[in-house]
Structure formats: C-alpha cells, structure tokens
Amino acid sequence: MIGREIAVAVKSGGSDSNNNGKLREVIAKAKANNMPNDTIDRSIKKAAGAGDGVVYENITYEGYGPNGVAVIVEVLTDNRNRAAANVRNAFTKGGGNMGTSGCVSFLFDEKGLIVIDKEEIETDEDELMMMAVEAGAEDFGVEEDCYEVTTAPDDFEKVREALEANGIPMMNAEVTMIPQTYTVLNSDEDIKKMNKLLDLLDDDDDVRNVYNNWDEM
C-alpha cells in the first residue's frame, strides 16, 4: 500500500521530494515502517516513469460499528465500485453499517502524530519536548514505552523534519485522525463483531487507513 501511495504522490506532484510535500510525507511514513531506502527509490523511479494508465483515487467512507462505534475508512483504489462493495460488506459482516459522508468525521480531529520509542533515543525527555515544541508541536505526550508528538496538519512536516535533523528516530510519523471521544463495547458479541470488521478492512488491499473511536480499555 505504501508503494501505491508513493505512486500517487509522484503522479500528483512530481518525483522531487524537495518540491513535493506529499511525497516527503509518504517517504517519512515508509521509513517509519522500515521500508529500505533503495525500495523507496525504486518505487519513486517506477512511478515517475509509469505509463500503465492505472489511475488511483482516494475515497473516504464513514460508518458505524457495533454500538455506534465511529469508523472512518480511507481507500486508495483503481476501482471505485469494488472498493465500495468491499467496505460495505465489511461493515455488514462486522455488525455495523456504512453511513453518509460526514456522518462521523466530526467526531475526529485531523492531527500530525509522531511516535518515538523511548528505548531508541538517548535524548532527555525535557530536551526532546522543548525540541518538539520549538519546532511547532501542539502537544507532547508521555506513554509507558514511547513519546507522542502532536501537531497541526500544516505543521507536521516541519516538526518531523526538525526531529529528523536532530537524529531522532521515529516509530511512526503521519497525519492521522484522533477521536474526540471514545465508545466502550461491553458485550463479548459486540467486541467479536468489531474485531471482525477491523480484520476484514485490514485484509482489503484497497484500504489505506482505518480510524475508529473504540475504547479497547
């Protein structure tokens, strides 16, 4: 899927990452997912010279899982009808239903999120926080095994680049959707259905991202 995202970014903004912010963002995501540099370079070169006529489009679907759990599904597909049918099928089999555009997106905030593994860095926590805040981060969170740097979407790239320039390794770095509130599933049946919904979406090659507000406690 990351290779497909690289192809779309190159086709929309060119193969020079210095002049293509979207491509820089996808490259950062690829590196955070341990994609080798030579694989990234090959994907960019392949996309730059591609002439196969395949056109991918980004589509966002929204809906509800069991007990009204809000779900957003982002797909990158060359077949809109196939994508819609597969996503609808996942919602149905997962005990939910696909809704209309905008039905749940207002329950999420779009944010840049950078996750840093505590064991991978030697930088002091306070120093790292100041580094992130001075670069433009909105928030700096401390979890059990990692740090989470949150940014406005427009500031994500400059914060990521500032941390990268200071040699900070990142477990994950992407613009994502963060729930404002969470929904608890109390019954085993609802939990089983929700897991089935997420598994079906995860197995779909067209699905790029899935966001939900399920509180797994």
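The values are calculated or read from the model by the stated rules, or taken from the named source; none is laboratory data. Predicted model, so just to flag it, every value in this text is computed and none were measured. Don't worry about glycine lacking a Cβ; one is built from the backbone with ideal geometry, like all the others, and counts go over all protein chains shown.
Here are some notes:
- Yes/no for R88 being at pLDDT below 75 and over 23 Å from D109 (Cβ atoms): no
- Test result for E120, more than 17 Å from P169 (Cα to Cα), outside the structural domain of V26 (by TED's automatic domain parsing) and of a type in the set (D, E, K, R): no
- Restricting the range 74-94 to residues that are touching a strand residue (DSSP E or B) at 6+ places or on another chain (Cβ under 6 Å) and part of a helix (DSSP H, G or I), the residue that is farthest from M194 (Cα to Cα): A83
- Annotation note: of E157, E122, the sole residue that is of a type in the set (D, E, K, R) and either closer than 27 Å to Y56 by Cα or part of a helix (DSSP H, G or I) (or both) is E157.
- Residue within the range 176-184 that is surrounded by 14 or more Cβ atoms within 10 Å (Cβ to Cβ), in a loop (DSSP other than H, G, I, E, B) and in contact (Cβ under 8 Å) with a residue 24 or more places away in the chain present: yes
- One residue from V149, V133, V210 being surrounded by 12 or more Cβ atoms within 10 Å (Cβ to Cβ), of a type in the set (V, I, T) and in the same structural domain as N79 (by TED's automatic domain parsing): V210
- Scanning the range 68-85 for residues that are more than 20 Å from the chain's Cα centre (by Cα) and closer than 27 Å to E5 by Cα yields a total of 5.
- Test: N97 is within 30 Å of L163 (Cα to Cα) and in contact with a strand residue (DSSP E or B) (Cβ under 9 Å, 6 or more places away or on another chain): no
- Within this structure, G102 fails the test of being within 25 Å of A30 (Cβ to Cβ) and not in a helix (DSSP H, G or I).
- Meets criteria (buried (at least 18 other Cβ atoms within 10 Å of the Cβ), within 20 Å of the chain's Cα centre (by Cα) and more than 30 Å from N186 (Cβ to Cβ)) for G65: no
- Across the range 35-54, the qualifying residues are those that are part of a loop (DSSP other than H, G, I, E, B) and modelled with pLDDT of 75 or more, and the one among them that is nearest to R82 (Cα to Cα) is M35.
- Within the range 144-171, residues that are within 19 Å of N33 (Cβ to Cβ) reach partners that are of a type in the set (D, E, K, R) and buried (at least 20 other Cβ atoms within 10 Å of the Cβ) with beta carbons closer than 9 Å, at six or more positions or on different chains, in the pairs V149/R160; F156/E25; E157/E25; R160/E25; M170/R160.
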